[in-house]
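Bear in mind these aren't lab numbers, they're just calculated from the coordinates by the rules spelled out. Note that the coordinates shown come from a computational prediction; the quantities given were computed from them, not determined experimentally. Ideal geometry is used to build each Cβ from the backbone, glycine not excepted, and the neighbour counts take in all protein chains shown.
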Amino acid sequence: QVQVVESGGGLVQPGGSLRLSCVVSGRIFTHGHLGWYRQAPGKQRELVAMVTRDDTIEYAESVEGRFTISRDNAENTMYLQMNALIPEDTAVYYCNAEINGYLHWGQGTQVTVSS
């Protein structure tokens, strides 16, 4: 069994920052890519950022320059540092992990950007 758990969401004012964490636990034999997705009300889930097994990083154009993704393989943890947040960043943020050849999703963490 593999578990994926996100944390760090919350309410923040425009221009503020948050740091999301994603911890992967369980029987882990191989790591693949790790990614952050988000889904706003009434919209489809979209890729925010991804780091591949060889540490290639990809960002959505809408967050480029404001968000930073990183991973700590020793701790089986991934982070998303979000700066200069805007109301359009409001969504449920999900962690997606390729572990042992399968894709696993977390339960999501709510990020709300509002004054």
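First check a/c for region 52-115, with a ≥ b ≥ c the square roots of the eigenvalues of its C-alpha gyration tensor; if it is under 1.5, answer rounded, and if not, answer prolate when a/b is larger than b/c or oblate otherwise. Note, shape of region 52-115 comes out prolate. Here is the list for region 1-53: chymotrypsin sites (Phe, Trp or Tyr not before Pro) lying in DSSP coil, each with at most 10 other C-beta atoms within 10 angstrom of its C-beta, are PHE29. Can you give me the distance in nm between label points at THR77 and GLN44, each placed 7 Å from the Cα along the Cα-to-Cβ direction? For the pair THR77/GLN44, the computed spacing is 3.4 nm.
Compute the separation of the alpha-carbon centres of region 20-40 and region 64-115 and state it in Å as a whole number. Cα centroid of region 20-40 versus Cα centroid of region 64-115: 9 Å apart. Residue-wise HN-Hα couplings along region 100-109, as the Karplus relation 6.51 cos²θ - 1.76 cosθ + 1.60 with θ = phi - 60° gives them from phi, are 6, x, 10, 8, 10, 10, x, 8, x, 9 Hz; Gly and Pro carry x. Under the criterion of Cα pairs below 8 Å and six or more residues apart, the relative contact order for the chain equals 38 percent.
Pairs of alpha carbons in the chain separated by more than 16 Å make up 56% of all such pairs. Here, P(r) means the percent of Cα pairs in each 5 Å bin from 0 to the largest distance; for region 1-45 it is 5, 13, 20, 22, 19, 11, 7, 3, 0.
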